[in-house]
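The values are calculated or read from the model by the stated rules, or taken from the named source; none is laboratory data. Quantities reported herein were computed from a predicted structural model and do not represent experimental measurements. Here Cβ is always computed from backbone atoms with ideal geometry, including for glycine, and neighbour counts include all displayed protein chains.
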Amino acid sequence: MSIEVIAEFQNSGEQFIKIAKSISGEKMHQSPTNDEWSPANIIHHMADAEAHFYIRYLRVLTENTPTTEFFDENVYPELLQYEKRDVNASIALIESIRASSISLFNNFNDEDWQRKGITSDGKEFVLIALIKKARSHISDHANQLSATL
């Protein structure tokens, strides 16, 4: 099971990066509609989300059933000034975190995959479910990016 999860995690990240790098400079900061994120905002969001996921992996691996906090993605674009951030730096961050995550996963034993955490709303989860959630999250945003091409 773990080999498939790692492969799917890796493939989903590679697909997102491929799409992100294919977006032209003129489209990068254009919102499809007034209330939707531009491709740049999606990329910055993914960089921030990948950082959050990575910290969650580390905490679940090193602490006994830690509580993991969610973040408010709606305040990030303004408070973290997405319009001023470097898209290429965010893409590089995603690539780097994904590579580090895969390296981490490749060293897991069976017990590591089943380590537990608790969400901030009190729901217990196992690490493999969190990894699958990260895979789905980046895939959903890859589809969102594709729609902007």
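Structure above, values below:
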| quantity | calculated |
| --- | --- |
| Any hit, segment 58-67, residues being of a type in the set (Lys, Arg), touching a strand residue (DSSP E or B) at 6+ places or on another chain (Cβ under 7 Å), in a helix (DSSP H, G or I) and closer than 12 Å to Ala134 by Cβ | no |
| Segment 114-128, residues that are surrounded by 13 or more Cβ atoms within 10 Å (Cβ to Cβ) and modelled with pLDDT under 95 | Thr119 |
| Matching residues in segment 43-82 - criterion: being within 25 Å of Leu149 (Cβ to Cβ) and either touching a Pro at 6+ places or on another chain (Cβ under 7 Å) or buried (at least 17 other Cβ atoms within 10 Å of the Cβ) (or both) | Ile43, His44, His45, Met46, Ala47, Asp48, Ala49, Glu50, Pro77, Tyr82 |
| Meets criteria (assigned to a loop (DSSP other than H, G, I, E, B), among the aromatic types (Phe, Trp, Tyr) and within 16 Å of the chain's Cα centre (by Cα)) for Phe53 | no |
| Filter result for Glu111 (loosely packed, with under 14 Cβ neighbours inside 10 Å and part of a helix (DSSP H, G or I)) | yes |
| Matching residues, segment 122-136, being touching a residue at least 12 places away in the same chain (Cβ under 8 Å) and outside any helix (DSSP H, G or I) | Glu124, Val126 |
| Pairs, first at pLDDT below 95 in segment 82-104, second surrounded by 13 or more Cβ atoms within 10 Å (Cβ to Cβ), C-beta under 6 Å, six or more apart | Tyr82/Asn41; Tyr82/His44; Arg85/His44 |
